[in-house]
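A short worksheet on the structure shown next.
The values are calculated or read from the model by the stated rules, or taken from the named source; none is laboratory data. Quick caveat: nothing in here was measured; it's all calculated off a predicted structure. Quick reminder, even Gly has a Cβ in these numbers, built from the backbone with ideal geometry, and neighbours come from all protein chains shown. Please note that ligands, DNA and RNA were not included when accessible areas were found on the heavy atoms of the full protein model with its side chains. Shrake-Rupley method; radii C 1.70, N 1.55, O 1.52, S 1.80 Å.
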Amino acid sequence: MNSGAFAQATASFSVCAVVVTYNRKVLLCECLSALMRQTRSLDAVWLIDNSSSDDTPTELLNQGFIDTLPPTTLSAPHEIIKRHEESGTVLHYIRMHANTGGTGGYYEGMQRAYEGGFHWIWTMDDDVEPKLHALETLLSYANLGECIQATRVYPDGQVFEDNKYIDLATGRQKVLKDAVFAKYQTFSTKNFVSFEGLVISRNIIKEIGYPDRRFYCWCDDFAYGLMASLYTNIIMVKEGLIIKKLKPGGNKIILGRKSLRLRDKELYYMIRNQFIIFEYLKRLGTFSRLAYLSLGATVIRIAIGTIVYERSPGKLLLLLKGFMDGLLKRYNKPVT
């Protein structure tokens, strides 16, 4: 199929977005506004509100995204539907009865979108804003793969470095061995994804299902992309199409000569969820027991950094809790 015929065929596909939000009402509305103005119009947006406590429903009402407020007390997800007049995009606002974490939100939204019959699903967090031609550009790569990932950039122009792959023996992220994004390239391939700007086809969802809710947050998209890479090329588009509004903040964790800024709960999930990643690698038959040594070394380095630089007993206990909960497969009680 030539490029013109392919573009025409792609234009006939139905596309929706899945946005997960929690307590970022202003950034959320900026994200939704950008979605409604895409040069390639969306057919629908599924907005999953993880029981935000910052009056997100009122902000959505004031900005005209919904016409009514959800009940203040819920025992199950509540849906409000409104069509955007200019774009024709239908917004499905799902107010969750509890905070199910980022993973639970994507599970809810992707399940609803898939059951709605959409050909392509575009996922993103509430703190990112797609450029107006983002969807059109991403879909232009749909003849190369059924998972298409946009490069993210911060508002100051700094690129969110994501040119890595997952080592299938240890689950660690490593810099890609080959020269990525050489001057003549507009894309590369990788073996994991981020839910911040991922376009995925329903064919892949049919093969691998929905995100694993055990993650709650952190590493869920890594595992999802890893499974998707078994069925399709994962395309990493060089152009910075997604503006990531929030830079990593919170507490600084020392990792040898490197540092990583994480909130306490993210530190917990970063460690705990590695054990779920290990399960995926074991299922693939690529897992190496060296992964335990690698993770143990990481925990020790973080623990030393926490003791020496932060002197935070609470954070140290949370780190150890994450390790023990993962080791013992205690995934039922999220840390919020």
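Counting only Cβ charges, +1 for Lys and Arg and -1 for Asp and Glu, the dipole size of the range 1-124 around its Cα centre is about 220 debye. Pairs of Cα atoms in the range 86-238 fall into 10 Å distance bins, from 0 up to the last occupied one, in shares of 10, 40, 38, 12, 1 percent. From helices alone, the chain scores -10500 deg cm²/dmol at 222 nm; the rule is -39500 (n - 2.57) for each run of n ≥ 4 DSSP H residues, then divide by the residue total. Taking label positions 7 Å along the Cα-Cβ direction at both Leu320 and Ala98, the computed distance is 2.9 nm, reported to one decimal. Using a simple spin-label model with pseudo-atoms 7 Å out from Cα toward Cβ, His119 and Glu85 lie 3.0 nm apart.
In whole percent, how big is the carbon plus sulfur part of the accessible area of the chain, probe 1.4 Å, protein atoms only? The computed percentage sits at 52. Cβ-Cβ distance of Leu144 and Arg40, R₀ of 22 Å, FRET efficiency by 1/(1 + (r/R0)^6): the value works out to about 0.80. Residues in the range 234-245 carry Karplus couplings, in order, of 9, 8, 10, 7, 5, 5, x, 9, 10, 8, 9, 6 Hz; the curve used is 6.51 cos²θ - 1.76 cosθ + 1.60 with θ = phi - 60°, and Gly or Pro positions show x. Sites counted here are trypsin sites (Lys or Arg not before Pro) in a DSSP loop (not H, G, I, E or B) having no more than 10 other Cβ atoms within 10 Å; the longest part of the chain that contains none of them is 1-176. Rolling a 1.4 Å probe across the protein heavy atoms gives the range 1-141 an accessible surface of 42 Å² per residue.
Note on the range 18-105: Cα Rg divided by 2.2 N^0.38 Å, N the number of residues, gives 1.01. The H on the amide N of Phe187, modeled in the peptide plane, is under 5 Å from the matching H of Lys238, each at least 5 residues off or on a different chain. Placing +1 on each Lys and Arg Cβ and -1 on each Asp and Glu Cβ, with no other charges, gives the chain a dipole about its Cα centre of roughly 1560 debye. Along the range 205-218 the Karplus relation, 6.51 cos²θ - 1.76 cosθ + 1.60 evaluated at θ = phi - 60°, assigns HN-Hα couplings of 4, 4, 7, 10, x, 9, x, 7, 5, 4, 5, 6, 7, 6 Hz to successive residues, with x for each Gly and Pro. Exposed loop sites were defined as GluC sites (Glu not before Pro) in DSSP loop states (anything but H, G, I, E or B) carrying at most 14 other C-beta atoms within 10 Å; in the chain the longest segment without such a site runs 162-336.
Distance between the 7 Å Cα→Cβ label points at Val308 and Arg213: 4.3 nm. Using only C-alpha atoms and all pairs of different ones, pull out the Kirkwood radius for the range 1-152 in Å with one decimal. The answer is 15.8 Å.
Rg and Dmax of the chain, both derived from C-alpha coordinates alone, stand at 20.1, 62 Å.
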